[in-house]
Structure formats: structure tokens, C-alpha cells
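Rule-based calculations on the coordinates, nothing more; no lab input. The structure presented is a predicted model; accordingly, all values stated were derived computationally and were not measured. Counting neighbours? That spans all protein chains shown, and the Cβs are built from the backbone with ideal geometry, glycine included.
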Amino acid sequence: MVEIIVNADDFGISKGVNYAVFKGGMFGILNSASLMVNQKYTEDAIRISKAVPQLKIGLHLNFTNGYSTASAEKVPLLTDGNGKFVNGFIKLLLLTLLQPRKMKYQIWREVEAQILEMKKYQLSPVHVDGHRHIQMIPLFYKIVAKNCKKYKIPRIRLVNEDIFHTWKTQGVFAGIKNGGIIKYMVLKIMTLYLKQVAPVYFFSILFSCRITPECMRKIRIPKKWNAIEIMVHPGMPEVDKKDLYGISDKNILSSNRQRELEAVLDKNCLWKHIGVWRIFGLA
């Protein structure tokens with residue numbers, strides 16, 4: 001028996017994404033979502049999570065969009081004077097290399113603040129991952145791992161995708177046209193550096209924000225694994241275009257988000273091609 005986790009990232013970032021997670025959980029194959037606790041629509045997402053009990057909720061650590069959960073004076077390298085995040089993935093990586101001691105304490109404060117913010121709503125995360133995959137930056141990963149141990153969070157997402165397996169099943173040009181291969185290489189190097197073993201196989205950096213029903217039908221899990229996490233980014237961009245003021249990431253306006261929603265609403269896209277797979281709440 002193989003366990004499938006179909007996980008929606010960015011839960012809470014916008015009204016359209018929240019609606020898409022609700023639809024995917026109620027009427028599709030979505031059974032997990034990663035919550036951003038420091039967004040305008042976080043509380044809306046929490047209400048949805050309680051209305052869709054089959055959704056397992058993890059923490060989507062966010063250090064790049066919107067405002068910090070910890071007070072601004074405690075995380076000055078991460079934010080401006082008003083608490084707004086000012087760094088992207090590359091700059092965060094460089095800061096951990098150039099100022100590791102200061103970053104260590106500031107990352108810890110913000111990671112712990114986001115975990116406690118989630119617990120404030122009586123939610124205990126079942127996993128931790130990161131917006132822009134920041135949990136894969138080595139210093140971030142070590143701090144996240146210590147906090148997961150402290151707060152009894154069972155799993156951190158590890159990007160352990162096998163590029164050759166993906167090319168074999170999805171086609172040899174997967175990830176090349178959309179630039180996903182560059183992101184894959186960066187994250188794969190970090191995975192090798194961390195020397196961590198994850199209990200769950202991850203899919204897919206190469207198809208990030210480009211999962212379609214056709215892509216879902218081609219997914220195969222490597223033989224040595226008995227669990228897989230399929231990362232998706234469903235959304236409803238037409239809803240979000242009506243609320244541009246509340247958006248912290250313009251990527252949610254992409255039509256790819258709508259296509260990913262269509263993929264998670266297609267209940268047939270996994271059953272026929274994977275065999276003895278179990279999806280929480282749908283088997």
C-alpha cells in the first residue's frame with residue numbers, strides 16, 4: 001500500500017487560493033495543505049481547514065512575502081523597520097553564509113513564532129515546508145529540524161525528487177522549458193549537503209506550478225518508496241484579480257494556478273495509473 005499526499009502550498013496567501021484549496025479538498029483529491037500564518041487571508045484559510053476535516057495541515061514557512069510574525073526589532077536582517085520581509089531566496093542564502101550567528105537567532109525567532117502562531121488556532125502542523133523552499137537552505141533546515149523536534153512535528157519536506165525518474169515518466173524535456181531544472185539543481189545540491197533521509201518521496205520541482213491532469217496521470221513512484229508527496233499550487237486567479245491590494249505574491253495570478261486546480265479536481269487522474277494507492281478520505 002502506497003500513501004499519497006496531495007499537498008497545496010500557499011494556503012492563506014489569497015482568497016482565490018483558499019477557495020481552490022476548499023474545492024480541491026471537498027470535491028477532488030487534495031488531502032493536505034501548507035498554511036502561511038502571516039498573510040491577509042490566514043484566518044479565512046483556518047476556517048476552511050476546519051470545514052474540510054480530511055485536509056491535513058502543515059506549516060508553509062514564509063520569510064519572503066508580507067510581514068514577519070516575530071516583532072520587527074527581533075528580526076532586523078529579515079525585515080525593514082516596519083516588519084516587512086525584504087529578502088528573496090538567494091539573499092537569505094547569502095546572509096546565512098555571511099552572518100551565520102546573527103541569522104541563526106533571527107531565523108529561530110521567526111520559525112518559532114510561526115509555529116506558535118499556528119498553535120494559537122489549535123492547529124498542530126503535521127509537516128513543515130517553505131515558501132520558495134527556504135527550508136532547504138542548510139541553516140534554515142537545521143533550525144527548523146530543532147523546532148520540529150521541540151514541538152513534535154513529524155516531517156520536514158525534503159526535495160529528494162529523482163530527475164531521471166521524472167524524465168523517464170514525464171518526458172526528457174520536463175523542467176527544461178520552464179526553468180525548473182535550474183531550481184531543481186540548486187535544491188538537489190542542498191539536499192545532498194544536508195545528508196538527510198526523508199520518509200516521503202517528493203514530486204515535483206520540475207513541474208512546480210505546472211501540474212496538469214496529464215502530468216498527474218503519468219506520475220509513478222520509484223519502487224523503494226511507499227509514500228509520495230505531490231506538491232500543487234491550485235488557485236482561482238479570476239477571484240484574486242478582484243483583490244489586488246491583498247496580494248503579497250503576483251504569481252498567484254498565473255493561469256497555471258487554475259490548471260492545477262483542474263488537476264486536483266480530476267479524481268480519475270491517479271486511480272487508473274498508480275494501482276494500489278491510498279488517498280486519505282477517498283479510498
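The table below gives the values:
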read-out	value
Near-label residues of segment 239-260 by backbone N, under 18 Å of a point 7 Å along Cα→Cβ of residue 217	259-260
Space enclosed by the convex hull of the alpha-carbon atoms of segment 93-211, per residue, Å³	116 Å³
Two-decimal Rg/Rh across segment 25-92, once Rg and the Kirkwood Rh are taken from alpha-carbon atoms	1.09
Sequence-distant residues sharing a close amide H with residue 67 (under 5 Å, placed H)	85
Whole-Å semi-axes of the chain's equivalent ellipsoid (Cα gyration tensor)	28, 22, 18
MRE, 222 nm, helices only [DSSP H, n ≥ 4, -39500 (n - 2.57), over the chain, to nearest 500]	-12500 deg cm²/dmol
Amide H contacts of residue 61 (H built 1.01 Å from N, under 5 Å, at least 5 apart or other chain)	129, 130, 131
Helix 100-120 axis, angle to the chain major axis (alpha carbon atoms, nearest 10°)	60 degrees
With Cα atoms, 0 to 90° folded angle of helix 42-51 axis to the chain main axis	40 degrees
If the convex hull is drawn through the Cα atoms of segment 1-132, its volume per residue in Å³	116 Å³
The chain: relative contact order as a whole-number percent, Cα under 8 Å and 6+ apart	25 percent
Equivalent ellipsoid semi-axes - Cα gyration tensor, segment 80-157, angstrom	21, 15, 11
Virtual spin-label span in nm between residue 122 and residue 192, 7 Å along Cα→Cβ	4.8 nm
Neighbour-limited loop hits for trypsin sites (Lys or Arg not before Pro), segment 203-240 (at most 10 other Cβ within 10 Å; DSSP other than H, G, I, E, B)	223, 224
Distance in nm between pseudo-label sites at residue 254 and residue 50 (7 Å out along the Cβ direction from Cα)	3.3 nm
Selection of chymotrypsin sites (Phe, Trp or Tyr not before Pro), segment 160-258, meeting DSSP coil and at most 13 other Cβ within 10 Å	173
